[in-house]
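The values are calculated or read from the model by the stated rules, or taken from the named source; none is laboratory data. Bear in mind that the values here come from a model prediction, so they are computed numbers and not experimental data. Note that we place each Cβ from the backbone using ideal geometry, even for glycine, and neighbour counts take in every protein chain shown. Note: areas computed on protein heavy atoms with side chains; ligands, DNA, RNA excluded. Shrake-Rupley method; radii C 1.70, N 1.55, O 1.52, S 1.80 Å.
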Amino acid sequence: MKVEFYGHVRQYKNIQQEIDANMQEVLLSGNYVQGPMLKRFEAELAAYHGTQYAVGVGNGTDAIWLALMALGIGPGDEVITHPNTFFATAEAIWIAGATAVFVDCCPKTKCICPDKIEAAITPKTRAIIPVHLYGQCADMTAIRKIADKHGLKVIEDNAQAIGARGPNFRIGQLSDAATTSFIFQKNLGTFGDGGALVTNNAEIDARVRKLRNHGSNARNVHSYGFNSRLDDLHAGVLSAKLKHIDAWNDQRRHWAARYTAGLKDCKTIDLPVELPGYRHVYHLYVIEVKKPEWRDSLLEFLNKEGVDAKTHYSIAIHQQAGYPWGKGARIVGGVPNAEANAACCISLPMFPELLEDEVDYVIAKVRAWDAQHAAQAPAGKGPAQSGALCPCCR
Ligand SMILES: Cc1ncc(COP(=O)(O)O)c(C=O)c1O
């Protein structure tokens, strides 16, 4: 059997009529850039998040640096995030001209550890970018509290967790802006690139609208800006898909529960941790081997058996060759949890349209590898999950 990592074509076939109808509407309207379909989708996206505004932009990376620029954050400023995220989180800080400051993640959630943030704050710190990694929210309540105490902005990098929630907060509620990516692999993805930010701040909304369109909101009138717009064809695809996002996320949660039930007695791996009260939307289902030297062995075994497992992300940002490429960057307090995550992570296939047979096949293959190595397994958690627990992990 072959189990793919993504299922976009299955998803398209399931709702082809809805997507095709929206695309036809755009094609026949003659309005392809900043037209009525983009307006409609922005309104739907804001309503979905319960925010006042949503602005479509070219991609999820642009959404982050446009938010930073709209907040006036740039050269001479520091922005705190964590290094075990997709590269773009830090890239956006550098594009804005600011300095990236990395602190460690929590051993359980892999999101930024609120306990590590305050030690990294200096007079130059302007913002924190928590990433809702793998589909589970960072502890926004704790992060907002720190931000308020020190007068900092918060931008949620929500590329991976649209539809997730915290125990008593929604995405977009406790930050200045939440950004997202619509690249095709995401829980809400188009057939190409796309991104957006949602906010309750009218100034951020107005500034990003102008910045994304050559510094213009009236014909022939320009100020400093860029070209980073979400095309109407993509907006049409996303408008059709947004109606299904909660059901699709439920289905991801269903497969995650099946993986967890099938793998919970494995001796060689630690499973993803879903914190009580959080709605994890499993953009990725990431297991962690208990010995780093096992990672490539298990990955290769799964690939050879037809399971398209991957890693997210096997090289932490500060471990990339040439880091930090002449840009400003600091690591505060060490990042052992992030480094262990990079060394031990394996993502199993995860998308709503998976079939029961496929999930069970993946479980069987992981279990087969586990049975071969269980005798050498250390007792307790592996290095990626055995770091000191902070309040949100406890
Ligand atoms: C956490 C995170 N941040 C930012 C991005 C950047 O989004 P994009 O690829 O749309 O620029 C991605 C995904 O690609 C991501 O996973």
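For the range 38-54, the Karplus equation 6.51 cos²θ - 1.76 cosθ + 1.60, evaluated at θ = phi - 60°, returns couplings of 5, 4, 4, 5, 4, 5, 5, 5, 5, 4, 4, 7, x, 9, 6, 9, 9 Hz by residue, with Gly and Pro reported as x. Dividing the summed -39500 (n - 2.57) terms of all DSSP H runs of n ≥ 4 by the residue count of the chain sets its mean residue ellipticity at 222 nm at -11500 deg cm²/dmol. Under the combined filter of DSSP loop state and at most 15 neighbouring Cβ atoms within 10 Å, the range 215-304 retains these trypsin sites (Lys or Arg not before Pro): ARG219, LYS243, LYS264, LYS267.
How would you classify the range 92-251 from its alpha-carbon gyration tensor, with a ≥ b ≥ c the square roots of the eigenvalues: rounded for a/c under 1.5, else prolate if a/b is greater than b/c, otherwise oblate? Oblate is the answer for the range 92-251, as a/c is 1.5 or above yet b/c matches or exceeds a/b.
With q set to 0.15 Å⁻¹, the log10 of I(q)/I(0) for the range 78-182, from the Debye formula over equal scatterers at the Cα positions, is -0.52. Relative intensity of the chain on a log10 scale, I(q)/I(0) at q = 0.07, 0.11 Å⁻¹, equals -0.31, -0.78, per a Debye sum over C-alpha point scatterers of equal strength in the absence of solvent. Sorted largest first, the principal axis extents computed over the alpha-carbon atoms of the range 1-151 equal 54, 45, 27 Å. All C-alpha pair distances within the range 124-173, sorted into 10 Å bins from zero, spread as 27, 55, 17, 1 percent across the bins.
With the convex hull drawn over the C-alpha atoms of the range 184-325, the volume per residue is 206 Å³.
Restricting the calculation to alpha carbons of the range 281-394 gives Rg and Dmax of 16.2, 49 angstrom. Pick from THR141, THR122, THR179: which is most flexible by mean-square fluctuation in a GNM of the chain where alpha carbon atoms under 10 Å apart are linked? Among THR141, THR122, THR179, the largest mean-square fluctuation in the Gaussian network model of the chain belongs to THR122. Of all DSSP-defined beta bridges confined to the chain, some 55% are antiparallel rather than parallel. Surface analysis of the chain yields an accessible area of 39 Å² per residue, using protein heavy atoms and a 1.4 Å probe. Shape class of the range 55-127 from the alpha-carbon gyration tensor: oblate, with a/c at 1.5 or above and b/c at least as large as a/b.
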